[in-house]
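Engineer: What follows is a structure written as structure tokens; I'll ask about it next.
The values are calculated or read from the model by the stated rules, or taken from the named source; none is laboratory data. These figures come from a predicted structure and were not determined experimentally. Cβ atoms come from the backbone with ideal geometry, glycine included; neighbour counts cover every protein chain shown.
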Amino acid sequence: MSSWKSRRRRFCVSGCCVALLALFSCLSSCGKFFPPLTSGGGGSSGGGSTSGDYLFAGNLGTSPLTIAGFTIANSALSATSGGPWSVSLEPTSLAITPDDTYLYMGSAAGGIYVFTISSTGALTLANNGTPVASGVEPSVLRVDPTGKWLLGADAFAGEAYVFQIGTGGALTAISSSVVTLNATVPATDLEITPSGNYAFVADGTAGIYTLSFNSTTGALAQVNSVLSPKQTGDADYGMAIAPSGNLLFAAETGIGAVRVFTISASGVLAETAGSPVSTGTGPYAVLVDSTGSYVYVANRTTGTISAFLLTNTGALTAISGSPFTTGSLPVAMVEDKSDSYIAVICAGGNPDLQVFKFNSSTAGALQAFATAATGTDPTEASSLAATH
């Protein structure tokens, strides 16, 4: 099997590799202006949850390959004790179970590994160091809201698939839940609705697939037709779903914008009036905050984050001060466990990891908080996950 680093060169748009870098204490009372929504979800089988506020970043460029860990505590960003942790394959995707017990690392070089997360944020490679799934090359992994299922989409095979999460983080493939996607382009993102009924897969120039999902049986199937990019040659990358579950946001290059869709009860996507909304060049990752009040788009080419106020209808209005400057090639964003910070990793570094807090005077505006190297530069930070 050829390495992911060599194979990823096959997928480029406008000179920028898009094959998968897919695919990351000012509380709500001091900056967000809205109380956080309560989210449901159970836990995976296995150990207890951790109470810490942790971030994990996968590095493609370090030697050895690593996952770096960080904690946000006492108004500071610090490296987690014991890290970074060496891994045998390029960490192209990270996913954490809702109870913060397990971290899954998927590699487009082939396979999925599982780590246990301790109460201090330290990682321990489980399953005797061997993969919990083989024969897959995931570019993106997501755990469903119940914590019982791990969904993935492939970088090369053009497939989406489901694994059941068992004791110790073990995975059992649901062979009947393999959905064929476009095999000529890599999947770039996969997002699951809060209800767990639908999953959407962004597949670059192929567009967006709508999949039904049964969180009781693990059944996955394509429904509706594939939603094409706005114009020929465009590509859909990162996506995000509002906490309400009725809005989907997709970053699309070419038009340099974020597209906004309503999600019907049957999973049908309908573009809203006023969509698409212009961002910076090369929109790549999208994040909706936990309150459903703000939308953030990381612009890979320009090295910025475009920030918007969000209404119930899906209308977006630029936030004062937007766009906010990041390092080089921002590729993933997450909101931290306290819902007080937004972290972004930059594949081009300068810095590798950048954390913003919510501005206390301007709703939704981002304020620089801390930065960190995720390894010895250039790290090519590619994937990001946060505890819940």
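Engineer: Tally time: how many residues in segment 212-229 are part of a loop (DSSP other than H, G, I, E, B) and modelled with pLDDT of 95 or more?
Structural biologist: Within segment 212-229, residues that are part of a loop (DSSP other than H, G, I, E, B) and modelled with pLDDT of 95 or more number 10.
Engineer: Here is a further query. Quick check: anything in segment 239-250 within 23 Å of Ala343 (Cβ to Cβ) and outside any strand (DSSP E or B)?
Structural biologist: Yes, segment 239-250 has at least one match.
Engineer: Would you please name the residue that is nearest to the chain's Cα centre (by Cα), looking only at residues in segment 356-376 that are closer than 15 Å to Ala68 by Cα and surrounded by 20 or more Cβ atoms within 10 Å (Cβ to Cβ)?
Structural biologist: Selected residue: Thr374.
Engineer: Looking at (1) surrounded by 21 or more Cβ atoms within 10 Å (Cβ to Cβ); (2) hydrophobic (A, V, I, L, M, F, W, C); (3) within 22 Å of Ala73 (Cα to Cα), which is the only condition Ala285 fails?
Structural biologist: All conditions pass for Ala285, except number (3).
Engineer: Going by the conditions given, is Ile241 within 20 Å of Ser306 (Cβ to Cβ), at pLDDT 95 or above and not small (Gly, Ala, Ser)?
Structural biologist: yes
Engineer: Here is a further query. Give me the pairs, please: first residue somewhere in segment 148-165 and part of a strand (DSSP E or B), second residue anywhere and among the charged types (D, E, K, R), beta-carbon distance under 7 Å, and either six or more positions apart or on two chains.
Structural biologist: From residues that are part of a strand (DSSP E or B), the pairs are Leu151/Arg142; Leu151/Asp144; Asp154/Glu137; Gln164/Lys148; Ile165/Lys148.
Engineer: With the checklist (1) assigned to a strand (DSSP E or B); (2) surrounded by 18 or more Cβ atoms within 10 Å (Cβ to Cβ); (3) among the β-branched types (Val, Ile, Thr) in hand, flag the one item Val185 doesn't pass.
Structural biologist: Against the list (1) assigned to a strand (DSSP E or B); (2) surrounded by 18 or more Cβ atoms within 10 Å (Cβ to Cβ); (3) among the β-branched types (Val, Ile, Thr), Val185 comes up short only on (1).
Engineer: One residue is enough: does segment 195-205 have a residue meeting the conditions of a type in the set (Phe, Trp, Tyr) and at pLDDT 95 or above?
Structural biologist: yes
Engineer: Out of curiosity, is Thr120 more than 19 Å from the chain's Cα centre (by Cα) and not in a strand (DSSP E or B)?
Structural biologist: yes
Engineer: Sticking with this structure for a sec: Please find, among Leu151, Leu89, Leu94, Leu125, the residue that is out of contact with any helix residue (DSSP H, G or I) (no Cβ under 9 Å at 6 or more places or on another chain) and surrounded by fewer than 21 Cβ atoms within 10 Å (Cβ to Cβ).
Structural biologist: Unique residue meeting the criteria: Leu125.
Engineer: Report, by residue number, each residue of segment 294-318 that is crowded, with 20+ Cβ neighbours inside 10 Å, within 20 Å of the chain's Cα centre (by Cα) and not hydrophobic (A, V, I, L, M, F, W, C).
Structural biologist: Tyr294, Tyr296, Asn299, Arg300, Gly303, Thr304, Ser306
Engineer: Continuing with the same structure: Report every pair of residues separated by at least 6 positions or lying on different chains whose Cβ atoms are under 7 Å apart, first residue within segment 287-314 and under 25 Å from Ala347 (Cα atoms), second at pLDDT below 95 and assigned to a strand (DSSP E or B).
Structural biologist: Arg300/Cys16; Thr301/Cys16
Quick grid of which residues meet (1) of a type in the set (A, V, I, L, M); (2) closer than 30 Å to Gly147 by Cα; (3) out of contact with any helix residue (DSSP H, G or I) (no Cβ under 8 Å at 6 or more places or on another chain):
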| position | (1), (2), (3) |
| --- | --- |
| Ser244 | no, yes, yes |
| Ser264 | no, yes, yes |
| Val288 | yes, yes, yes |
| Val297 | yes, yes, yes |
| Ser328 | no, no, yes |
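Engineer: I've got another one for you. Give the residue that is surrounded by the most Cβ atoms within 10 Å (Cβ to Cβ), with candidates limited to residues of segment 321-334 that are of a type outside the set (A, V, I, L, M, F, W, C) and farther than 23 Å from Thr272 by Cβ.
Structural biologist: Ranking the candidates gives Pro330 first.
Engineer: If you check Gly267 against the conditions, is it farther than 30 Å from Val223 by Cβ and surrounded by fewer than 21 Cβ atoms within 10 Å (Cβ to Cβ)?
Structural biologist: Taking the combined requirement at face value, the residue does not satisfy it.
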